[in-house]
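The values are calculated or read from the model by the stated rules, or taken from the named source; none is laboratory data. These numbers come from a predicted model, not from an experiment. Glycine gets a Cβ as well: all are built from the backbone with ideal geometry, and neighbour counts include every protein chain shown. What goes into the accessible areas is simple: the full protein's heavy atoms, side chains included, and nothing from ligands, DNA or RNA. Shrake-Rupley method; radii C 1.70, N 1.55, O 1.52, S 1.80 Å.
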Amino acid sequence: MKKDNTRRRGGEFQEIAFTINGRKVKTRVPPSMLLLDLIRDELSLKGTKPGCLEGECGACSVLIDGSAVNSCLYLAVNTHGKEVTTIEGLSGDGPDPVLESLIRNGAIQCGFCSPGMAIAIKSLQNRFSSHPTLPDREMIKKGLEGNLCRCTGYVKILDAAEEVLKPG
Amino acid sequence: MSTTKLKVVGKPTPKLDAGVRVSGKAVYGCDVNLPGMLFGAVLRAKFPCADIVAVDVSKAASLPGVACVITADSVDTNNISHKRDHPILKKGEVSCLRDEIAAVAATSREIAQKALSLIKVKYRVKEGIFDPFRALEPSAPQINRYGRNSFSNKNIAEEFHYEHGDLEGEKNRSACRIKRRYFLPRVTHCCLATSNITADYSPTERRLTLYSSTQVPFLYQRDMAHALKLEPSNIRVIQVTIGGGFGSKLDMYPFEPIAAILSMKTGRPVQIVYDRREEFLASPTRQMMVIDLMTGADTEGRFTFREVDIILDNGAYTSWGATTPFVMMQTFSSLYRVPACKFAARAVYTNNPYAGSMRGYGNPQATFALERNIDVMAREIGIDRAEIRLINANFPGEVTGQGLTYRTCGHRQALQTVIEKSGYGKTRDRQSGARRYKRGMGFASMLHVAGGAKIYRSDGCGTTVKLDAFGYLTVITGSNEIGQGSETVLAMIASEELGIGLDKIRVINSDTDIKPWDVGVHASRTSFVAGNSLLGAVGKLKEILSPKAAALLKTGVSDLVYEDEYIRSMTTGERIKLDKVVREIHFQKPNELCIANHFYEPNSELQDKEYRGNVSSAFAFGSQAVEVEVDTCTGNVRVLDVYVAQDVGRVLNPLGLQGQIEGGVVMGLGHALMEELIVENGRVLNPDFHNYKLPTASDVPNIRFYPVETLDQEGPYGAKGVGEAPLVPTPAAIANAVSDALGVEISSLPLTPENILKAIVEKHGI
């Protein structure tokens, strides 16, 4: 979708500067723009999936300063000064251990929820890295409750998460 | 095909495409972005039943950024659906809220939506018919005037009658006769990726390319050609990565030819992607139905007869889903032994949203009714619920009243497995007393086609295999991958047979210009039919490779074994690299390509007019035992444990199989406990995930799976289809468990807290 670039210099646009997947970005966005649209349409990062646009399914999850948020409920302007990680940011030189665990455990069927699931698991991993105890299965279930999956019945996703969150 | 020492088949293998999907690299419909692409949007009816007096699109057409606006008056199309009862754009009247009145293509989604809001439609509102029983009354007006109707009532879209055995005789000798009415709700697929299409018409080539999520690309190509009055071969269907199917993509829906028309009129690519609300409002549902069922048994608990009358709410137009009675009839005629069966089903037009096909294809509803009645009969006769099922279990070699032939049958073994593993009998004391939490256990079995289903002239699948000069294999299969893992299973089969590593095998399955014909993904047929087709192609490839290898190794063809990317002589131990053999064949005599084609047609039969015949080459059987805990204060049902035993023939990929089982059980759990698309006077009241509840990670019970391997001679390595089956018995088993826990009868779904509390109050009073 082509945006009218001349309008961007107008007053209704706000300038934001943030980091996405380790890269610094400066851009002007309308105040009403969703982070999901910024990521998918402006930055062409299509790995973040639009599932419901109402914050119910979690397919569009991204990390903001290490914690998962639904990018469909988050305004792009609010990323100013923050660090955003999308699913593309989880694959550097090789895939992140979270992705590897999901693959190994057979946790991916149609795969539309999978990037969001991976982000949600990464968020749990970040949260529990500074936590004195490891999460149990019930805590992991609670942590992934906001991500819908219609194919797998969640069992293999939970197995994959458990393997990453409770190593050994 | 040798099954003595399998090296790849039977080993847990992650899906080959898992990495692409999880890392966000896979291109789903909503990710397609073509140069100059426009965004399409569809204006739908405001009332479920009304005359269209006038449509004014002038303001929309003059909005800057709008490239094209179409209505029924500006297109020349044929009706769609297998009954041809569905106009793509509606003219003169609307018959349900999904009805497409106009469509626009614009340079952005926002402009497209704005344009829709500028279209003025003047309606003359009429009283709709939302109850199928009302639609059958003589005074009811004709709801759909397009379909060819030869049935007993003008509002019947499909009608089925089936009979076997001496019904009256069996009724008379029955010690118990149980008659119940069951209500099954509308549930819907909730694919995580919403419906989508990108149409790209090239005016210079007069070719239409469709980036589509269809499950049945070749039927879709034919249907699209008929709808648009084009040549099928001038339509190229490229399947995008599909974000969930479950039967929802078996039919073509109006938005798809609409996108094509917009592209043809503008000469630019046009994309339509539903938002979630549109997905709930305008994509198909499982059939809502009312099942009247009478069943009987003798004093020993042997089943005597079944008499079934089903009314399905078809909605305003017909989809393949209206033929679900075809599958339901098999469950009533042939799940457990039964000497007599009379089955009638009518899919009735209403002004409700129309139904489609969904995983299990009517079978979860049929199984729910049948298995509930079995529990009631067991209680009536005084026979244990597990025992009555074992007494009547299907057996290998059985030919049922309908002509289904069970060459292999693991029904009894599946039942015995779940009875034993669930510890049935040991948990009986848990439900005594007046405690708040009551536990119960329920059983249910299922029968489903597992060797394709011959409902078209061909149930076949074509395969081409190509071995290149570097030893890499390309499998071009007619079948397709919709997330279920068939691509991986096919690669495993090729790897097993040719001794080539999975990393050197590519599966091509998404382009009708390239791949050979296949009927599509449905009826749990892909691993079975495409697997057999691939085995045939690999056999022919070996007929090219083996003579050359034998000559090079100075031995006979029967002495050769394919392993570790070599062909080896078993007697001398000498071996030659596979890619070297290919190069010798390419560049020396016989100067041939190492390519082979095979078309596999299952040996099943088209059923006759009385629905008799062996419609599938193999049948799957399964049993589930479910333990639930019901909170009698809140009405909340927790499913604790699900024990699944299923006759899968042979386990091909344990990892993929387990995933199908778990996914099916949880989808069945949603159907049983929480899912219902609530429709009132033709309007969907809960078109979002907030109000249409799907199971989440927190709802997942312990699922224990015990595969039953019966090694069917027709299947690849003995395997049978598995995909739909695990969902089929789950709602029935959960309902039986809840009934056991509370001592109440369950005759409808979903078992929401509200409905559970109602049942408790009805039994005990306040």
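If contacts are Cα pairs under 8 angstrom and at least 6 residues apart, what is the relative contact order of chain B in percent?
Values: 1935 pairs, mean separation 119.7, N = 766.
The value is 16 percent.
What accessible area per residue comes out for chain B, rounded to a whole number of Å², with a 1.4 Å probe?
Per residue, chain B has an accessible area of 35 Å².
Can you send over the carbon and sulfur percentage of the accessible area for chain A, probe radius 1.4 Å, protein chains only?
Working: 3460 of 7170 Å².
Of all accessible area on chain A, carbon and sulfur atoms account for 48 percent.
Quick check: Cα centre of segment B:670-716 to Cα centre of segment B:130-146, how many Å?
31 Å
What is segment A:11-89's relative contact order, in percent, from Cα pairs under 8 angstrom and six or more apart in sequence? All intermediate terms of the calculation are to be shown ahead of the outcome.
Numbers: 160 pairs, mean separation 30.3, N = 79.
The normalised contact order for segment A:11-89 reaches 38 percent.
For B:K542, which lysines qualify as cross-link partners when the Cα separation must be under 16 Å and same-chain residues fewer than eight apart are set aside?
The reachable lysines, counting only those whose Cα sits under 16 Å from B:K542, are B:K466, B:K577, B:K580.
Please state, rounded to one decimal and in Å, the Kirkwood hydrodynamic radius that segment B:452-568 gives when every pair of distinct Cα atoms enters the mean of 1/r. Don't jump to the answer; show the numbers that get you there.
Numbers: mean 1/r = 0.0672 Å⁻¹.
About 14.9 Å, per the Kirkwood formula over Cα pairs.
Scanning chain A for helices, which whole DSSP H stretches are 20 Å or more long along the axis (Cα) and average -1.0 or more by Kyte-Doolittle?
Details: long enough: A:114-129 (22 Å, 0.08).
Span-like helices here: A:114-129.
Once you order the gyration tensor axes a ≥ b ≥ c over the Cα atoms, which shape class does chain B get: rounded for a/c under 1.5, otherwise prolate or oblate by comparing a/b with b/c? It would help to have the intermediate numbers written out before the result.
Details: a/c = 1.82, a/b = 1.07, b/c = 1.71.
Cα axes put chain B in the oblate bin.
Given a cut-off of 20 Å, name the pairs among A:K142/A:K166; A:K49/A:K166; A:K26/B:K25; A:K141/B:K426; B:K11/B:K249 whose C-alpha atoms lie farther apart than that in the structure shown.
On the way: A:K142/A:K166 16 Å; A:K49/A:K166 28 Å; A:K26/B:K25 25 Å; A:K141/B:K426 30 Å; B:K11/B:K249 31 Å.
Result: A:K49/A:K166; A:K26/B:K25; A:K141/B:K426; B:K11/B:K249 exceed 20 Å.
Please work out the average accessible area per residue across segment A:11-89, using the 1.4 Å probe convention, and give it in Å². Walk me through the intermediate numbers first.
Details: 3200 Å² over 79 residues.
So segment A:11-89 comes to 41 Å² accessible per residue, rounded to a whole number.
Could you report the buried accessible area between B and A, both sides summed, computed with a 1.4 Å probe and given in Å² to the nearest 100?
Working: alone 28750 and 9130 Å², together 34060 Å².
Using a 1.4 Å probe, the pair buries roughly 3800 Å².
Expressed as a rounded percentage, what relative contact order does chain A have, with Cα pairs under 8 Å and six or more residues apart?
On the way: 287 pairs, mean separation 37.6, N = 168.
Relative contact order here is 22 percent.
Could you please report the charge total around B:M288, scoring K, R as +1 and D, E as -1 over all other residues with beta-carbon less than 13 angstrom from its beta-carbon? Please list the in-between numbers first.
Working: positive: B:R186, B:R286; negative: B:D131, B:D313, B:E675, B:E676, B:E680.
Once positives and negatives cancel, what remains is -3.
Assign one of three labels to segment B:82-144, namely rounded, prolate or oblate, based on the Cα gyration tensor with a ≥ b ≥ c the square roots of its eigenvalues; rounded applies when a/c is under 1.5, prolate when it is not and a/b is larger than b/c, and oblate otherwise.
Values: a/c = 3.19, a/b = 2.23, b/c = 1.43.
Prolate.
For the protein assembly as shown, rounded, prolate or oblate, judged on the Cα gyration tensor with a ≥ b ≥ c (square roots of eigenvalues), a/c < 1.5 rounded, else prolate if a/b > b/c?
Values: a/c = 1.29, a/b = 1.06, b/c = 1.21.
Verdict is rounded for the protein assembly as shown.
Which net charge results when you count Lys and Arg as +1 and Asp and Glu as -1 among the other residues whose beta-carbon is under 13 Å from that of B:T214? Walk me through the numbers on the way to the answer.
On the way: positive: B:R222, B:R236, B:K249; negative: B:D223, B:D251, B:E256, B:E481, B:D511, B:D518.
Local net charge: -3.
Give me Rg/Rg_expected for segment B:646-766, where Rg uses Cα atoms only and Rg_expected = 2.2 N^0.38 Å with N residues. Numbers along the way, then the final one.
Values: Rg = 17.9 Å, N = 121, 2.2 N^0.38 = 13.6 Å.
Cα Rg divided by the expected 2.2 N^0.38 Å: 1.32.
Regarding segment B:225-350, what are the three Cα extents along the principal axes, ordered largest first, in Å?
Over segment B:225-350, Cα extents along the principal axes are 72, 32, 27 Å.
Just from its helices, what would the mean residue ellipticity at 222 nm be for chain A, if runs of 4 or more DSSP H residues each count -39500 (n - 2.57) and the sum is divided by every residue, rounded to the nearest 500 deg cm²/dmol?
Working: 5 runs with 47 residues, N = 168.
Taking each H run of at least 4 residues, the total per residue is -8000 deg cm²/dmol.
Over the Cα atoms, compute the radius of gyration (one decimal) and Dmax (the largest Cα-Cα distance, rounded to a whole number) for segment A:11-89, in Å.
For segment A:11-89, the Cα radius of gyration and maximum Cα-Cα distance read 11.4, 34 Å.
Based on DSSP H runs of at least 4 residues, each adding -39500 (n - 2.57), what is the mean residue ellipticity at 222 nm of chain B after dividing by all its residues, to the nearest 500 deg cm²/dmol?
Rounded to the nearest 500, it is -8000 deg cm²/dmol.
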